[in-house]
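Student: Pasting a structure below so you can have a look.
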Amino acid sequence: WLKPFWLYLSRLPLKCRLCLQDGSMTQVAQDAQDHVQTQGRAQRRGDRTLARARQAARRRTFPLINSQIIASADTGDLELFMSTVEAYLTQMNLVNLSTALHRLAKMAISDAEAMASLHQHPVLTSLMGTLRQSLQQAGTGGAPPQCQALSNIAWSLATVRIADEPSMRRIMELASSHISDLKPFELSSLLWGLAKLGEISPEIHGCSGPFFQVAAAYIGERLEQFSFRCLVMLAWAFAASQQSEVTLFRGIAAQMTPQVYTASCHELATVALSFGLAGVRQDKLFSDIAQKATARVADFKAQELVDILSSFARNSFFHKGFLEGATAVAERTDLSGSQLSAFLCAAAQARPRHQATWSAVLALLPRCHTLVDEFTPDELASLALAVATCFCGGKASASAEQRDQDSSQNATSPEVIAFLEAVATSAVLRLSEFPSLALARLFASLVAAGSGSAFGGGYGGGARASAEVCGVVVSEVAQRTGNIEPIALCLFLRTLPCLRGVDSGPRRCQALRALLAEAARQVDSDGFTPAQAQVLSRAVAGLLGSVPGAGTAAARGTAARSLQELAAMCRAAGAIELETASLDCADLDLCREVQELTGDARKGRAAPQPSARGSTRSGGDGATANDQSQASGPAPRALCPLTPGPLAPGIVIKNTFLHVQGCSVSTPCDASVGCPAGGSLPPPLDIIPPEVSPEKLIAFRTEYQMFRAGGAVGARGELASSIM
């Protein structure tokens, strides 16, 4: 302070300076110091005032930037919009960035050319870099982040398909810490965006699981706060991310059911699709959706009808009125090949023996015939298997009434015969294009057609072409043995022993031995899921049981109890005289067989990568299968959670029942133990829904009484002749 002090002294009057010589130096110095401090405080106040003014100016700038962004977006000119964003980019805060991305997404979603050029635009890179920096700074000053901005950013990035993992990780981190600040619609949009991005980015899909779990716990306690639209978004997000929280889905269904009448066609299709993907069956919700959709069936898009029908089929839900209405619309609509294939496969999956299913297949089969060369190998194989399931062989699951009714006019209809022959002719020309699973489905359909009624039983006459194709497929299988996936292996081993006629000789035996050796190798290397291992066990047991002198245990069709025993069974089956092995294809239920195999694969498949979810299905078809950790040490590896190791001597698992070997019952059921005599049953209860057919109800009640009386299928060793 000395320099200002001497400057101060130089300006004092002469009299004052003379006073300093008289000893007044101390007072003058104090006055000078006070003067300097006063000036410093004034300067600091000025600096703070200037800083506040600058902050106020910036706050006024952010709304101005938003208005400029919105105005440029309203013009619809992408280049003008991107120029505006570039001009203000360095001044934008998180809200400005979210507005820019939101408007950009709304522009691109309605313009295919804009969407294509957006990803190549140079400004986009700068925009995403600024966004990452702004997200990292958000929430660091103690103030909560702008939750609406986080939701808009996630929705926008998902809409324009920009999978920026660092941004999404930071958004999930901020949202987890402030989830209570998110409004229901904001949280629903955020989860929707995460699920959408998870479909295209394995990294985002893999890291989003913890946030979905946090959100599920939070949402489950506040479902009544979410609107119907939000519930639709939530259901789809959790289903698409394979976060199938059964409790949450049940709560969503309970909230949705009273509001179904307000849903649009798109929302009805999305709800059905979501519950189908999640594998959660809710009959009341499905019934309301089906009734609402049936009344407005003409207003649906073709893909929406296919989605609803496919979702019902995944959960084994059947609605006769909706199927008939959807079929009528499909006849008038120009369905694509993939839509046509998915429609008929879904129709055949739920009730392949129902008259409404037959009518639907027969109504659309002529169009399938004209498009047979345009179907992809997967579509063609799935479609052929669906038709074969409906009209050919595989009557193991049919009720007594269904077996007794005359279906010959449908099975021998010209459309069925012409289509299956066209499939055989088209497939043989492009057999190398068929993946292993499609090849297995094609082969299963041709075997069923050759053994069933479509070609008059056997491969004579008009079925000669199909028999020749089967022979070609057998040769192809023998060449591909080392590259066949487990699902296809199981299906081949279930159907190949049923092949008879011209191809039941050396080629079939060679293919069977190669398949059994490959199955043993994959079992040893843990290539099978528990559900697939169960199907393989039944297939090999049935094969061994069909060969005389194959061994006492094999002749009884005993299923394997561990993976080591299953691998040994595969090798033992490959060493026997397979020329005499023969199974009846009519005993196979191809539809259920494929559902069990592919259903297990579907539950273990994530949007882009496998998911480690452990929830089970509520209802639906197929057994729940979760990969089980292998026990260490010499203990046998279990086939499923029901068999964690060797059971007590003489006790095995058969079709989920404990079976004591050597224990037999003379008759499966009789009147003395409570089964209905002569099919006589008391009248059903009034609570039975009207859409349940009387025939199915009678069959169910009869089989249930047999089960309660001790006559359940699968409890005494019928594995050699029964699928389920």
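Student: If amide H atoms are built 1.01 Å from N in the plane of the peptide, which residues on other chains or at least 5 residues away come under 5 Å of the amide H of S562?
Tutor: Amide H neighbours of S562, under 5 Å, 5+ apart: none.
Student: Further, regarding this structure: Counting heavy atoms of the protein chains only and a 1.4 Å probe, report the per residue accessible area for region 105-264 as a whole number of Å². Could the numbers behind the result be given before it?
Tutor: Working: 6760 Å² over 160 residues.
I get 42 Å² per residue for this part.
Student: Also: Pull out the extension gain between D74 and D299, defined as 0.36 nm times the separation in residues minus the alpha carbon to alpha carbon distance; nm, one decimal. Could you put the intermediate results ahead of the total?
Tutor: Values: separation 225, 0.36 × 225 = 81.00 nm, distance 3.13 nm.
Extra length from D74 to D299 when fully extended: 77.9 nm.
Student: Between S227 and Y261, what is the label-point separation in nm under the 7 Å Cα-to-beta-carbon projection?
Tutor: The modelled label-to-label distance comes out at 2.0 nm.
Student: Could you derive backbone 3J(HN,Hα) for region 125-132 from the dihedral phi with the Karplus parameters 6.51, -1.76 and 1.60 (θ = phi - 60°), listing whole Hz in sequence and x where the residue is Gly or Pro?
Tutor: 4, 5, 4, 5, x, 5, 4, 4
Student: At a 10 angstrom cut-off on C-beta neighbours, averaged per residue, how do the peptides 129-140, 416-427 rank from highest to lowest? Numbers along the way, then the final one.
Tutor: Details: 129-140: 15.7, 416-427: 21.7.
Top of the packing list down: 416-427, 129-140.
Student: Follow-up question, since we're still on this one. In region 89-226, carbon and sulfur make up what percent of the accessible area (probe 1.4 Å)? Before the final figure, lay out the partial values.
Tutor: Details: 2850 of 5940 Å².
Exposed carbon and sulfur together represent 48 percent of the surface.
Student: Using θ = phi - 60° and the Karplus relation 6.51 cos²θ - 1.76 cosθ + 1.60, list the HN-Hα couplings for region 310-324 in order, rounded to whole Hz, with x at every Gly or Pro.
Tutor: Using θ = phi - 60°, the values come out as 5, 5, 4, 5, 4, 9, 6, 9, 10, 9, 4, x, 5, 4, 5 Hz.
Student: With unit charges on the beta carbon (Lys/Arg positive, Asp/Glu negative), name the residue among A158, Q137, I109 whose Cα is farthest towards the positive pole of the charge dipole of region 86-171.
Tutor: Q137
Student: With only Lys, Arg, Asp and Glu charged, each at its Cβ (+1 for the first two, -1 for the last two), find how big the charge dipole of region 80-192 is about the Cα centre; round to the nearest 20 debye. Before the final figure, lay out the partial values.
Tutor: Values: 7 positive and 8 negative charges, 18 e Å.
In total the dipole reaches around 80 debye.
Student: Moving to a separate point now. Estimate the FRET efficiency between A143 and T247 by the formula 1/(1 + (r/R0)^6), using the beta-carbon distance for r and 30 Å for R0, to the nearest 0.05.
Tutor: Values: r = 35 Å, r/R0 = 1.17.
For A143 and T247, the calculated efficiency is 0.30.
Student: Report in % the part of the accessible area of region 233-283 that belongs to carbon and sulfur, leaving out ligands and nucleic acids; probe 1.4 Å.
Tutor: Numbers: 840 of 1620 Å².
Carbon and sulfur: 52 percent of the exposed surface of region 233-283.
Student: Of K284/K696; K183/K301; K292/K696; K196/K301; K196/K320, which pairs sit farther than 27 Å apart, going by alpha carbon to alpha carbon? Walk me through the numbers on the way to the answer.
Tutor: On the way: K284/K696 19 Å; K183/K301 32 Å; K292/K696 24 Å; K196/K301 22 Å; K196/K320 33 Å.
Correct reply: K183/K301; K196/K320.
Student: With a 1.4 Å probe and all protein chains left in place, how much accessible area per residue does region 314-400 have, in Å²?
Tutor: 32
The values are calculated or read from the model by the stated rules, or taken from the named source; none is laboratory data. It should be emphasised that the depicted structure is a prediction, and the values quoted were computed from it without experimental measurement. Cβ coordinates were reconstructed from backbone atoms using ideal geometry, including for glycine residues, and neighbour counts include every protein chain displayed. The area values use the complete protein model at the heavy-atom level, side chains included, leaving out ligands, DNA and RNA. Shrake-Rupley method; radii C 1.70, N 1.55, O 1.52, S 1.80 Å.
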